[in-house]
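To start, the structure itself, in structure tokens.
No value in this document is a laboratory result; all are computed from the given coordinates. No experiment lies behind these values; they were computed from the predicted model shown. Here the Cβ positions follow ideal geometry from the backbone for every residue, glycine too, while neighbour counts run over all protein chains shown.
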Amino acid sequence: MSENAVSLQSVSKSFNFKRSNKLKSSENRLISVSDVSFDVSKGEILGIIGLNGSGKTTLLRLIAGIYEPDSGKISIEGKIAPLLQIGTGFNNELTGPENIVSSGMLYGFSKKEIQSKVKPILEFAELQEFRKMKFKHYSAGMKTRLAFSLAMQIDPDIILVDEVLSVGDFKFREKSLQAFLSFKNKKKTILFATHILNPLPELCDRVLILHKGEMIFLGDPKEAIQKYRSISEN
């Protein structure tokens with residue numbers, strides 16, 4: 001059995017888009033991820049950083065199976081919980097607890113099992129007082145906190161997270177960091193994209209830098225931060 005939870009071999013992804021002006025319209029191709037290869041070991045926390053438009057979200061969506069790569073191979077060993085788009089999988093007309101139950105059953109829990117987890121999920125997400133509010137009235141931060149808290153309870157093998165550390169107050173970010181570490185102690189695997197650099201040395205085993213779709217660094221978190229700052233200042 002492989003020791004890697006995630007493995008990418010020469011993965012590339014591009015998108016077609018139209019550019020037009022008053023005189024003519026043309027179709028162009030945007031390369032979002034270009035020839036990216038790396039492995040993530042079971043139990044490893046990998047941070048993914050890069051400037052806006054560098055391909056971080058596309059990379060996570062490729063790993064989640066939302067996008068198919070144009071070329072290359074992606075191998076996954078284990079059950080994935082992707083937290084990549086606010087509100088994905090939730091019903092706007094249901095309340096938080098109702099969404100927890102319906103989403104939990106899709107992950108394979110019995111109704112009784114997931115109902116027993118509703119209270120701790122709401123408590124972690126700091127949404128107890130909003131239990132009767134419909135999801136469509138949640139703020140972006142509330143939606144992300146609910147999705148993150150649910151993922152912590154369903155206990156997948158691999159969790160993919162896009163910018164969860166940028167939502168919520170300091171208290172929630174600290175709770176999220178501790179949840180990541182607890183997840184790691186259980187030999188689970190986390191890949192997360194973020195613009196918040198300070199927690200990376202404490203939290204991550206390695207950090208990957210994407211720049212214009214290309215992987216330009218993979219290694220020590222402190223070294224990655226220095227390299228990223230030199231890129232962002234240019």
Seminar exercise, completed: The answer for the net charge of residues other than ASN4 whose Cβ lies under 11 angstrom from its Cβ, with Lys and Arg +1 and Asp and Glu -1, is -3
For this session: Round to the nearest 0.05 the FRET efficiency obtained for LYS212 and LYS79 when R0 = 22 Å and r is the Cβ-Cβ distance.
Result: 0.10
Exercise. At ASP205 and LYS187, where each label point lies 7 Å from the Cα along Cα→Cβ, what is the point-to-point distance in nanometres?
Worked result: 1.2
For this session: Can you work out the PRE-style zone for PHE170? Point 7 Å along Cα to Cβ, and I want the residues of the stretch 110-153 with backbone N under 19 Å.
Result: 126
Problem set entry | When the stretch 4-233 is reduced to its Cα atoms, the Kirkwood hydrodynamic radius in Å | 18.7
Problem set entry | 5 angstrom amide H check on ILE48, placed H, neighbours 5+ away | PHE192, ALA193, THR194, LEU208
For this session: Using a Gaussian network model of the chain whose springs link C-alpha atoms within less than 10 Å, name the residue from LYS171, LYS188, LYS143 with the highest mean-square fluctuation.
Result: LYS171
Exercise. Lysine pairs in the stretch 80-180 8 or more apart or on different chains: how many have alpha carbons under 15 angstrom apart?
Worked result: 4
For this session: Express the relative contact order of the stretch 4-233 as a whole percentage, based on alpha carbon pairs under 8 Å and six or more residues apart in sequence.
Result: 27
Exercise. So what's the net charge close to PHE180: Lys and Arg +1, Asp and Glu -1, counting the other residues with Cβ under 12 Å from its Cβ?
Worked result: +1
